[in-house]
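**Student:** Quick one: structure below, then a few questions.
Each value in this text was obtained by applying a stated rule to the coordinates, not by laboratory testing. All of these numbers come straight from a predicted model, not from anything done at the bench. Cβ placement follows ideal geometry from the backbone for every residue including glycine, while neighbour counts extend to all protein chains displayed.
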Amino acid sequence: MKLSGLTNLPVSLLNTHADPDHISSNEQFEEFYMHIEGYMDRFDEIWLSHADIPISKDVIQKLHNGAEDILAG
């Protein structure tokens, strides 16, 4: 998918989970991915939904690790 007015470069989508409000437009992208593991190196920037600026990969990994720690108790 090309985002008119923002970039002429291809854009890929990375879903963090499969809630309908997050995946309902996946078909508009040539490529989309589910979950972070194994895909971090494929992206130059990561934008959270409803965010005005990208978030760094190290913050994403810290959030992921924190969620894993919570699940592990």
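**Student:** Please list, ordered by chain and number, the residues whose modelled amide H lies under 5 Å from the amide H of ILE46; skip anything fewer than 5 residues away on the same chain.
**Tutor:** Those lying under 5 Å, H to H, from ILE46 are ILE55.
**Student:** In addition: To the nearest 500 deg cm²/dmol, what mean residue ellipticity at 222 nm is calculated for the chain from DSSP H runs of n ≥ 4 alone, each contributing -39,500 (n - 2.57), summed and divided by the residues?
**Tutor:** -8000 deg cm²/dmol
**Student:** Obtain the nm distance between the two label points defined at PHE32 and ALA51 by a simple spin-label model: each point lies 7 Å from its Cα along the Cα-to-C-beta direction.
**Tutor:** Each label point is offset 7 Å from its Cα along the Cβ direction, giving 1.8 nm.
**Student:** Can you give me the relative contact order of region 13-72 as a percent, contacts being Cα pairs under 8 Å and 6 or more apart?
**Tutor:** Relative contact order, region 13-72: 23 percent.
**Student:** Going by average Cβ neighbours within 10 Å, how do the peptides 61-73, 7-19 rank, with the highest at the top?
**Tutor:** Ranked by mean Cβ neighbours within 10 Å, highest first: 7-19, 61-73.
**Student:** Something else about it: How much net charge surrounds LEU14 when only the other residues with a Cβ under 10 Å from the Cβ of LEU14 are counted, with Lys and Arg +1 and Asp and Glu -1?
**Tutor:** Computed value for this residue: 0.
**Student:** Considering amide H positions built from the backbone, and no H for Pro or chain starts, which residues 5 or more places from ASN15, or on another chain, come under 5 Å of its amide H?
**Tutor:** Those qualifying (amide H under 5 Å, at least 5 residues apart or on another chain) are TYR33, MET34, HIS35.
**Student:** From zero up to wherever the largest Cα-Cα distance of the chain sits, split into 5 Å bins and tell me the percent of pairs in each.
**Tutor:** Calculated over all Cα pairs of the chain, the distribution is 3, 13, 22, 27, 20, 9, 4, 2, 1, 0 percent.
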